Amino acid sequence: LDRLCAQLPQPVRSRCRHVVRENARTLAAADALRLGNLERFGKLMFESHASLRDDYQVSSAELDVLVDTAAEIPGVLGARMTGGGFGGCTVNLVRNDALETASRRLSETYSKRFGREPNLFVTRAAGGARED
């Protein structure tokens, strides 16, 4: 990509940059999780969102406000949009002791900015699907 990037027209260039870098972030995120490095994983989530917003251009004002707000809350390690883009959700990596504060601040900020209440869903990480 670095060698051929200048030959690509916009927005193809920035979208290709997103894909290549997102693949690298995904591999780095898997390594971070294997090592239990949630801070690194969260940083990669924020980077992913910025790339989806700027390079792939599929975010929205609502999603950007949620991610930007999350980045300011102590105990939120990462946030990014998820889903198909142009709407959808954010997924946030939040320490247990920050959950109440994060939920309140995200809801208040979103409501104040957009005049409607967001739906918040709290989940916990699990082992995932596996064969027995």
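The values are calculated or read from the model by the stated rules, or taken from the named source; none is laboratory data. Computed from a predicted model, the values in this text were never measured in an experiment. A quick note on method: Cβ atoms are made from the backbone with ideal geometry, for glycine too, and the neighbour counts reach across all protein chains shown. Side chains are part of the model used for accessible areas, which takes the heavy atoms of the whole protein and leaves out ligands, DNA and RNA. Shrake-Rupley method; radii C 1.70, N 1.55, O 1.52, S 1.80 Å.
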Where the chain is the region considered: accessible area per residue in Å², 1.4 Å probe = 66 Å²
inquiry  = Using Cα-Cα distances under 8 Å and only pairs 6 or more residues apart, what relative contact order does region 66-126 have, in percent?
reply    = 28 percent
key: Those chymotrypsin sites (Phe, Trp or Tyr not before Pro) in region 1-92 that DSSP places in a loop and that have at most 16 other beta carbons within 10 Å   = Phe86
query = Mind listing the Cα extents of the chain along all three principal axes, in Å, largest one first?
reply = 48, 45, 29
request  = Work out, step by step, the length gained on full extension between Asp97 and Leu38: first 0.36 nm times the residue separation, then minus their alpha carbon distance; give nm to one decimal.
outcome  = 19.8 nm
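If I take every Cα pair under 8 Å that is 6 or more residues apart in the chain, average their sequence separation and divide by the length, what percent do I get for the relative contact order?
Value for the chain: 17 percent.
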message = I'd like the Karplus ³J(HN,Hα) series for region 62-78: coefficients 6.51, -1.76, 1.60, θ = phi - 60°, whole numbers in Hz, and an x wherever there's a Gly or Pro.
response = 4, 5, 5, 4, 5, 5, 4, 5, 4, 5, 8, 9, x, x, 8, 8, x
ask   = How would Cys16, Cys89 line up by accessible area, probe 1.4 Å, largest first?
value = Cys89, Cys16
task = Please give the solvent-accessible surface of Val67 in Å², to the nearest 10, using a probe radius of 1.4 Å with every protein chain present.
result = 10 Å²
query = Which trypsin sites (Lys or Arg not before Pro) in region 97-128 pass both tests, a DSSP loop state and at most 12 other beta-carbon atoms within 10 Å?
reply = Arg116, Arg124
task = Calculate what fraction, in whole %, of the accessible area of the chain sits on carbon and sulfur atoms when a 1.4 Å probe is rolled over the protein chains.
result = 52 percent
note = Counting only DSSP loop positions in region 1-65, the trypsin sites (Lys or Arg not before Pro) whose Cβ has at most 16 other Cβ atoms within 10 Å are Arg3
key: Residue range of the chain that is longest and free of GluC sites (Glu not before Pro) which are both DSSP loop and sparsely packed (at most 13 other C-beta within 10 Å)   = 1-71
ask   = How much mean residue ellipticity at 222 nm does the chain get from its helices, if each DSSP H run of length 4 or more adds -39500 (n - 2.57) and you divide by all residues, to the nearest 500 deg cm²/dmol?
value = -17000 deg cm²/dmol
Cα long-axis angle, helix 38-54 against the chain (0 to 90 degrees, to the nearest 10) = 60 degrees
ask   = Counting alpha carbon pairs within less than 8 Å and at least 6 residues apart, what relative contact order, in whole percent, applies to region 16-70?
value = 33 percent
